[in-house]
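A.B. asks: First, the structure itself, so that you have it in front of you.
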Amino acid sequence: MEKTDIKSMNMEELTEYIISLGEKKFRAKQIYGWIHVKHVESFEEMTNISKKFIEKLSAEAKIVCVKKEEVQISKIDGTRKYLFSLDDGNVIESVLMKYKHGNSVCISSQVGCRMGCRFCASTLDGLVRGLRPSEMIDQIYQIGKDIGERISNVVVMGTGEPLDNYDNLLRFIELLTDENGINISQRNLTVSTCGLVPNMRRLADKKLSITLALSLHASNQKKRMSLMPVANSYDIHEVIDACRYYFEQTGRRVTFEYSLVGGVNDTDEDAAELSQLVAGMNCHINLIPVNPIKERDYVQSNAEVIKAFKNKLEKNGINVTIRREMGRDIDGACGQLRKKHIDKEKGID
Ligand code: SAH
């Protein structure tokens, strides 16, 4: 029988579980602290728990951890890319970015992805499975331990579509922002989605203070469909409406991510159409020079084109920034480190 994953439990569930094993209620709080504050990896490290109960716990339950397999450190800006392995042998990647305002970790939410965005490396081999809450949060714990510093910001922008793993994502958010745990403020968490409208609305109804980032990448439905198969399911206007709804429900300004692909979505007309699309919205547009992957022939827009695109949006009164490229010297784009690892194992070059 598979052992119980107690790192995915919230305090309430853990308390019930500990009582069901015959221990007192207050033990749950101690164990929760060992897991979510001290980040221990084995029951033996819980020094205020009796030997007998530790034996019982070890027989019934496990502390799910991700295991560091490889780290690439950028010589330019200290960005670190981690390759972690999971209990079932799958691998995922996470990134640490060091900013003046603190350490930010970008985590994966799934093993692979089934959304099929044309420019993205994470989706090339499809979806294997969603990550458990424990596997999501442990990426942050392991990186915190590795650098010996506090993590202040988290973005769910690594491999996977977080809203395609909705229940586990919500539990992860609960654990991450719990004051009895690592206690990261909801305001310091961003969840990025390709635009799964029903779950965007469900998330809005939770009225959390997290930032929603929408991967827009096109200014009209036709272009969006050519870049993102998910657009076949949800029209661009439905997606924008869901973003407006998110703002109405939460008061949080939505971020639009727009990866600029040379000659595809970076023209003057695109900028004009994009301005119209988001006119009057309380939003922020993040322009990302597309990171070319070898499996596709998309190219980056050149620097002048990017600047002109930004200027045009600014002239139309839109908040816009160009994403600073971090870790340019290490396998850049989402999913490239994992993909390289898998291909190497398969003997593909
Ligand atoms: N599935 C979620 C989160 C993961 S992708 C989403 O779609 O938002 C995180 C962001 O990186 C998305 O905006 C995605 O479109 C973008 N992205 C993926 N591959 C990229 C590449 N090669 N170059 C630039 N941006 C990329």
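The values are calculated or read from the model by the stated rules, or taken from the named source; none is laboratory data. If you're wondering where the values come from, they're calculated on a predicted model, not measured in any experiment. Neighbour counts are summed over all protein chains in view; Cβ atoms, including those assigned to glycine, are modelled from backbone coordinates with ideal geometry. Side chains are part of the model used for accessible areas, which takes the heavy atoms of the whole protein and leaves out ligands, DNA and RNA. Shrake-Rupley method; radii C 1.70, N 1.55, O 1.52, S 1.80 Å.
A.B. asks: In degrees between 0 and 90, to the nearest 10, how far off the longest principal axis of the chain does helix 336-346 point, with axes built from Cα atoms?
C.D. replies: With both axes taken from Cα atoms, the answer is about 70 degrees.
A.B. asks: Another question, if that's okay. Can you give the FRET efficiency to the nearest 0.05 for ILE147 and ASN48, using r as the Cβ-Cβ distance and R₀ = 35 Å? Before the final figure, lay out each step's value.
C.D. replies: Details: r = 28 Å, r/R0 = 0.79.
Efficiency computed from Cβ-Cβ geometry: 0.80.
A.B. asks: Fully extended, how many nm does the chain gain between ARG328 and HIS101 (0.36 nm per residue separation, minus their Cα-Cα distance)? Display every interim value, and only then the final one.
C.D. replies: Working: separation 227, 0.36 × 227 = 81.72 nm, distance 2.05 nm.
Computed gain between ARG328 and HIS101 is 79.7 nm.
A.B. asks: Whenever you get a sec, line up LYS206, LYS222 from highest to lowest accessible area (probe 1.4 Å, protein heavy atoms).
C.D. replies: On the way: LYS206 110, LYS222 165 Å².
Greatest to least solvent exposure: LYS222, LYS206.
A.B. asks: Can you give the accessible area per residue of the chain, in Å², using a 1.4 Å probe?
C.D. replies: Values: 15860 Å² over 349 residues.
I get 45 Å² per residue for this part.
A.B. asks: Separate question: What's the Cα-based Rg to Rh of the chain, Rh via Kirkwood? Spell out each step's value before the answer.
C.D. replies: Working: Rg = 21.2 Å, Rh = 21.3 Å.
My calculation of the ratio gives 0.99.
A.B. asks: Relative contact order (percent) for the chain, with alpha-carbon contacts under 8 angstrom and 6 or more residues of separation?
C.D. replies: Working: 644 pairs, mean separation 51.4, N = 349.
15 percent.
A.B. asks: Counting other Cβ atoms within 10 Å of each Cβ, which GluC sites (Glu not before Pro) in the stretch 116-207 have at most 12 and sit in a DSSP loop? Let's see the in-between values first.
C.D. replies: Working: sites: GLU135, GLU149, GLU174, GLU179; in loops: GLU149, GLU179.
Counting only loop positions with at most 12 other Cβ atoms within 10 Å, the GluC sites (Glu not before Pro) in the stretch 116-207 are GLU179.
A.B. asks: Something else: Could you give the nm distance between label points at GLU70 and ALA272, where each point is 7 Å from its Cα heading toward the beta carbon?
C.D. replies: About 4.7 nm, to one decimal.
A.B. asks: Could I ask something else about it? Between ASN282 and ARG201, what FRET efficiency comes out of the Förster formula 1/(1 + (r/R0)^6) with R0 = 25 Å and r the beta carbon distance, rounded to 0.05?
C.D. replies: Working: r = 18 Å, r/R0 = 0.71.
Approximately 0.90, to the nearest 0.05.
A.B. asks: Quick one: length gained pulling GLU314 to ASP77 fully straight, 0.36 nm per residue minus the C-alpha distance?
C.D. replies: On the way: separation 237, 0.36 × 237 = 85.32 nm, distance 2.82 nm.
Here the answer is 82.5 nm.
A.B. asks: How high is the relative contact order of the stretch 4-62, in percent, counting Cα pairs under 8 Å that sit 6 or more residues apart? Display every interim value, and only then the final one.
C.D. replies: Details: 37 pairs, mean separation 21.9, N = 59.
Relative contact order comes out at 37 percent.
A.B. asks: Right, here's the next one. If you roll a 1.4 angstrom probe over the protein chains with everything in place, what fraction of the accessible area of the chain belongs to carbon and sulfur, to the nearest %? Each step should come with its number before you reach the end.
C.D. replies: On the way: 7530 of 15860 Å².
Reported share for carbon and sulfur atoms: 47 percent.
A.B. asks: Nearest 500 deg cm²/dmol is fine: what mean residue ellipticity at 222 nm does the chain get from its DSSP H runs of n ≥ 4 alone, each adding -39,500 (n - 2.57), divided by its residue count? Could you put the intermediate results ahead of the total?
C.D. replies: Details: 11 runs with 122 residues, N = 349.
Calculated from helices alone, the mean residue ellipticity at 222 nm is -10500 deg cm²/dmol.
A.B. asks: Can I ask one more? How long, wide and thick is the stretch 4-62, going by the Cα atoms along their three principal axes, in whole angstroms, largest first?
C.D. replies: 23, 22, 20
A.B. asks: Simple spin-label model, 7 Å along Cα-to-Cβ: GLN249 to GLU345 in nm?
C.D. replies: Here the answer is 3.7 nm between the modelled labels.
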